[in-house]
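Any read-out appearing in this document is the output of simple, stated calculations on the displayed coordinates, not a laboratory observation. Predicted, not measured: the structure shown is a model, and the values here were computed from it. So basically every Cβ, Gly included, is an ideal-geometry build from the backbone, and we count neighbours across all protein chains shown.
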Amino acid sequence: MTKRPTNFQVSLSDLRHNVEVLRGLAPGSLFCAVLKADAYGHGAVTIAQTVLEAGADWLAVALTDEAVELRAAGITAPLLILSEPAPDEMATVAGLAEVRPTVYTKAGIEAFAAVAPGAPVHLKIETGLHRVGVPADEAVAAAEHLQSCGLFLEGAFTHFAMAAEPESPLTQRQHQRFDTALEDLTTAGHRPQLVHAANSAATMAFPQTHYSLVRCGIALYGADPSPELRPRMDELGLRPIGSLVSVVAHRHRIEPGETVSYGQRWQATETTELATLPLGYADGLMRSWGDAGQVLINGRRYPIRGAITMDQTMVEVDQTVKVGDQVVLLGRQGNETITAGDMGDVLGTISYELLAKLGRRLPIKYLDE
């Protein structure tokens, strides 16, 4: 296989550092590293191996297939599937050692009980995100049902909708609803060993929500959950672990009035030097990067021009830029840095989306292994 000049470089030493920092925020809690979406585009298997070496106690994924991938790679740590698997997936889950499914429906509980009697599960309790989960006032009934089906209630958890915006009152309301549900469970004789609610944002901003386990995803990779938490990230010294790197593959000049790329979305008003980069939306770049995105070349910022195409991206440059020069789309070069959060601000999205979109076509180069 040929070696592409474009790759996503991941610093495993920075990842280990981030695990240490985040674990230190909740010393009385187990630490769960969230690896869904191929570890937010960073490569789930190597990230799993590294975070476990760095002290993570649990792993979490979103899909059964993601759990299968980790087990096939020899990862044996306790693993939580954060969404309830479909009934026809439960037999697969039951065949994976130390994998716990989340449950929150009667059908899901009964399907797993049929193939894994006595197995541990985690009950998802809905407190305000209104995505999935058992309503808080029905938690006891759900616990009674799964117990009657022969399952073991190992864990109970919820997920915050607004922890990334610490001034929102919703997190406190969700916390109170969750505490009430836990009290109801205890009164009814159900005492889950693992109670968890804190995501990355709550781990950093709401220590009262740490319970017995914290689940960190986006902050693990050094990307911010929100602009509001950037100062906290800087204070903690969390480091972005991924850099998207390419090269200048082609240079040319266009005259005033000429347009760039499909749709004629950008027109030169003067003689303009352009550089073409050998990556595009098939590698995970959002097409909207062409509207306001920038790249770093030789430690300077240059604007992307025209629509990003499937395999190539055009940048307005100057005479100093040469074919073969390194280009950084995410990461640091010289004294300049472009973070996923920075790009999210410019493009009207969030760091989660930018990282999760990075495609499997994009080679990952691990540093400091």
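The computed mean projected area of the Cα convex hull in nm² for the structure shown corresponds, within [x] 19.8; [y] 18.7; [z] 23.7, to [x]. For an R0 of 45 angstrom, estimate the FRET efficiency from the Cβ-Cβ distance between Tyr262 and Ala114 and round to the nearest 0.05. Given R0 = 45 Å and the Cβ-Cβ separation, E is 0.30. Please name whichever of Ile364, Leu79, Ala142 sits farthest to the positive end of the charge dipole of the chain, dipole taken about the Cα centre and charges placed at Cβ: Lys and Arg +1, Asp and Glu -1. Result: Ile364. Overall, the chain carries a charge dipole of about 700 debye about its Cα centre when +1 sits on the Cβ of Lys and Arg and -1 on the Cβ of Asp and Glu, all other atoms neutral. When the pairs Lys3/Lys357; Lys322/Lys357; Lys124/Lys357 are compared against a 25 Å limit on Cα-Cα distance, Lys322/Lys357; Lys124/Lys357 fall above it.
Each stretch of four or more DSSP H residues adds -39500 (n - 2.57); spread over every residue of the chain, this sum gives -8500 deg cm²/dmol at 222 nm. Going from the fewest other Cβ atoms within 10 Å to the most, the residues Met310, Met162 appear in the order Met310, Met162. The angle separating the long axis of helix 106-115 from the principal Cα axis of greatest extent in the chain is about 80 degrees.
The 3J(HN,Hα) values that the Karplus relation (6.51, -1.76, 1.60; θ = phi - 60°) gives for segment 216-224 are, in residue order, 10, x, 4, 5, 4, 8, x, 9, 8 Hz. Gly and Pro appear as x.
Positive end of the dipole of the chain (Cβ unit charges, origin at the Cα centre): among Val317, Leu329, Gln172, the Cα lying farthest that way belongs to Val317.
Under 18 Å from a label point set 7 Å out along the Cα-to-Cβ vector of Gln326, the amide N atoms of segment 271-293 belong to 277-279. Please give the contour-minus-distance gain from Leu367 to Asp88: 0.36 nm per residue of separation, less the Cα-Cα distance, rounded to one decimal in nm. Extending this stretch completely gives an extra 96.5 nm.
Full extension of the chain between Ala141 and Asp57 yields a length gain of 27.3 nm, computed as 0.36 nm times the residue separation minus the alpha carbon distance. Note on Arg360 and Ser168: their simple-model spin labels are 3.2 nm apart, each label 7 Å out from Cα toward Cβ.
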